[in-house]
Amino acid sequence: MEDVDNILLQLQQRFSDTAFYRQQTVDGILTVWVPKTALVPVIRVLKTELAFLMLYDLSAIDERDRARKDNSLIDDFTVLYHLFSFRNNQFIRLKVALDGDYPSLASICSLFRNANWYEREVYDMFGIRFEGHPHLQRILMPMSWEGHPLRKEHPARATEMGPFRLWDEKQDREQEALRFKPEDWGMKSQSDDADYMFLNIGPQHPGTHGVLRIVLQLDGEDIVDAVPEIGFHHRGAEKMGERQSWHTYIPYTDRIDYLGGVMNNLAYLLAVEKLAGIEVPDRVKVIRVMLCELFRINSHLVWFGTFAQDLGQLSPVFYMFTDREKIFDIIEAICGGRMHPSWFRIGGVAQDLPDGWHKLVRDFIDYFPKQLATYNKMVIRNSLFKARTRGIGIYTREEAFEWGVTGPGLRACGCDWDFRKKRPYSGYEMFDFDIPTAQEGDCFARSLVRVEEMRQSLRIVEQCLNNMPSGDYKADHPLTTPPIKKYTMQDIETLITHFLNVSWGPVIPAGEAMSCIEATKGANSYYLVSDGNTAPYRVRIRTPSFPHMQMVPYISRGYTVADLLSILGSVDYVLADIDR
């Protein structure tokens with residue numbers, strides 16, 4: 001890992017006439033304020049000379065209501081850029097301060113392909129314009145939406161907006177706004193030798209696995225171009241984070257990647273615990289890892305069964321969903337809930353493991369390997385499955401970096417990158433497991449990686465079973481929610497802490513921090529800003545499915561409509577993970 005001071009020094013030497021300001025943050029990520037005019041050159045140097053090859057995330061903050069402004073660079077808005085260097089195993093966070101009600105900034109779409117959707121999202125949510133963007137329009141909200149939801153003046157609740165009314169003229173306008181106009185996307189209805197057809201797939205189509213619309217430009221059955229339309233599942237998850245307490249927001253995280261279960265809790269809580277300075281006991285770390293890996297297997301089973309179904313095999317989905325229920329039985333016995341247990345807590349978990357958990361986990365560890373071998377023969381070795389996936393939807397490692405691909409999709413094109421190994425969190429450094437990879441970068445390679453990941457997750461779960469530490473199930477910290485009950489009956493200070501935490505919620509110290517975990521579909525992050533209150537000032541959720549869906553048109557061109565269903569299934573996205 002290259003020293004952060006050295007990176008900053010190189011930037012200062014390269015731009016000697018530019019004033020940089022380094023901000024200290026709780027998460028230790030190199031955070032640099034960059035003048036608006038120097039943004040594009042600085043990012044170009046970071047990418048081409050300092051190996052920050054991935055635009056990991058791009059978002060913004062409305063600073064106008066921020067309490068205790070102790071930084072003179074903070075203006076009306078801040079635009080954030082998180083770049084990642086695989087060579088240096090390092091993040092860098094760039095900040096640009098913007099002044100005015102509706103400011104503008106130069107686009108970086110010419111430097112990173114995946115900046116397109118991120119800049120559209122910032123424009124949609126904040127009203128910040130990006131000069132030079134090829135198609136700057138809303139992406140999550142309807143085209144007819146008024147206002148920008150993540151601005152502080154925008155209502156956070158439906159009750160603040162008055163009753164909804166849909167009169168005839170409004171309905172006509174809404175329907176017209178949904179009409180796809182090829183010319184708006186630079187598409188033509190014909191070429192010199194062909195007439196193109198435009199085919200609408202979704203948003204109610206079994207092959208899109210949810211409310212997703214994709215408009216295809218076709219030459220016969222061959223895909224010339226594709227335009228995904230997302231946002232049908234948008235529920236304002238980041239906006240809700242600003243009006244919930246740090247504790248009561250935990251159940252909302254379950255609904256992002258709704259197949260990832262408690263893994264969503266972990267991504268959020270790691271950032272909260274960084275802000276609060278909470279170090280959890282080893283027992284908490286291992287319990288969290290065990291449940292996360294069970295949910296990883298669970299999520300991959302959903303992908304495996306439905307992917308086979310998309311390609312014509314009906315039986316596997318029934319077998320795999322039956323095995324998924326066996327995992328849910330374990331989750332229910334431990335957490336009390338199944339698909340959305342919301343069981344992790346600030347500084348720990350809701351309660352200790354129940355009696356008999358060993359047997360449930362042991363029975364599944366003994367049972368599942370032979371099932372996985374059966375599914376491998378049934379699906380992976382099937383000649384029709386191979387014909388529908390080999391050589392389809394190919395991309396290289398460099399293209400994956402360019403589009404922000406993480407997780408199994410990145411490992412399927414020859415990059416052995418796994419945040420559990422490379423940047424361990426929650427005690428993953430204590431576990432022995434391999435990182436499955438493939439080289440081809442096609443739909444079949446992505447399938448092989450996920451199947452092997454289930455075997456590796458099972459190894460991790462078995463190590464949790466055999467080496468579960470003793471000790472407490474939550475940290476001994478005043479901001480842990482809530483204190484252990486028996487102590488509240490013994491001393492008044494603990495009782496007061498309990499009362500305040502339950503009634504107000506914990507007060508997290510001012511600061512900012514980002515967590516990053518290897519979720520079921522790729523890298524999942526929560527970037528949290530606290531102004532020393534009982535609720536976050538800003539919640540930013542970076543999900544893997546958002547950039548993955550943005551890449552779909554690129555890897556679909558030249559293939560057929562039938563191939564598109566193979567590509568969509570191999571990407572393994574969740575619509576709520578895209579839309580939030």
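The values are calculated or read from the model by the stated rules, or taken from the named source; none is laboratory data. Values in this document were obtained by computation on a predicted structure and should not be read as measured data. Cβ placement follows ideal geometry from the backbone for every residue including glycine, while neighbour counts extend to all protein chains displayed.
Only residues in the range 110-133 that are in a loop (DSSP other than H, G, I, E, B) count as the first member; pair them with residues that are aromatic (Phe, Trp, Tyr), Cβ under 6 angstrom, at least 6 apart or cross-chain, and list the lot.
The qualifying pairs are Arg113/Trp403; Asn114/Trp403; Gly127/Tyr102.
Are there any pairs, at least 6 apart or on different chains, whose C-beta atoms fall under 7 Å, with the first in the range 369-398 and more than 24 Å from Ile297 (Cα to Cα) and the second among the small types (Gly, Ala, Ser) and loosely packed, with under 13 Cβ neighbours inside 10 Å, and if so, which?
Leu384/Gly312
What residue, of Thr48, Thr31, Thr18, is loosely packed, with under 14 Cβ neighbours inside 10 Å, β-branched (Val, Ile, Thr) and on the phi < 0 side of the Ramachandran plot?
Unique residue meeting the criteria: Thr48.
Out of (1) outside the structural domain of Phe344 (by TED's automatic domain parsing); (2) buried (at least 18 other Cβ atoms within 10 Å of the Cβ); (3) farther than 30 Å from Glu153 by Cβ; (4) touching a residue at least 40 places away in the same chain (Cβ under 8 Å), the odd one out for Gly202 is which?
Against the list (1) outside the structural domain of Phe344 (by TED's automatic domain parsing); (2) buried (at least 18 other Cβ atoms within 10 Å of the Cβ); (3) farther than 30 Å from Glu153 by Cβ; (4) touching a residue at least 40 places away in the same chain (Cβ under 8 Å), Gly202 comes up short only on (4).
Cβ-Cβ below 9 Å, separation at least six or inter-chain, first residue in the range 138-165 and among the basic types (Lys, Arg), second loosely packed, with under 12 Cβ neighbours inside 10 Å and part of a loop (DSSP other than H, G, I, E, B): which pairs?
Correct list of pairs: Lys152/Asp65.
Does Val272 qualify as being more than 12 Å from Tyr526 (Cα to Cα), in contact (Cβ under 8 Å) with a residue 24 or more places away in the chain and not in a loop (DSSP other than H, G, I, E, B)?
The answer is no for Val272.
Are there any pairs with C-beta distances below 8 angstrom linking a residue in the range 245-267 that is under 16 Å from Thr480 (Cβ atoms) to a residue that is charged (D, E, K, R) and crowded, with 24+ Cβ neighbours inside 10 Å, with the two at least 6 apart or on different chains, and if so which?
Between residues of the range 245-267 that are under 16 Å from Thr480 (Cβ atoms) and residues that are charged (D, E, K, R) and crowded, with 24+ Cβ neighbours inside 10 Å, the close pairs are Leu266/Arg288.
Which members of the range 486-518 meet the condition of being of a type in the set (Gly, Ala, Ser) and either over 26 Å from Gly427 (Cα atoms) or out of contact with any helix residue (DSSP H, G or I) (no Cβ under 6 Å at 6 or more places or on another chain) (or both)?
Listed by number, the residues that qualify are Ser503, Gly505, Ala510.
Under 28 Å from Glu399 (Cα atoms) and buried (at least 17 other Cβ atoms within 10 Å of the Cβ), is that true of Leu39?
Yes.
Let's see how each residue does on (1) in contact with a Pro (Cβ under 7 Å, 6 or more places away or on another chain); (2) farther than 30 Å from Arg243 by Cα:
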{"site": "Glu146", "(1), (2)": "no, no"}
{"site": "Lys152", "(1), (2)": "no, no"}
{"site": "Thr159", "(1), (2)": "no, no"}
{"site": "Glu176", "(1), (2)": "no, yes"}
{"site": "Trp185", "(1), (2)": "no, yes"}
{"site": "Tyr196", "(1), (2)": "no, yes"}
{"site": "Leu199", "(1), (2)": "no, yes"}
{"site": "Leu212", "(1), (2)": "yes, no"}
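To keep it simple, each residue is scored yes or no on (1) at pLDDT below 85; (2) closer than 17 Å to Met143 by Cα; (3) surrounded by 11 or more Cβ atoms within 10 Å (Cβ to Cβ).
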| site | (1), (2), (3) |
| --- | --- |
| Thr159 | yes, no, no |
| Gln190 | yes, no, no |
| Pro206 | yes, no, yes |
| His209 | yes, no, yes |
| Val215 | no, yes, yes |
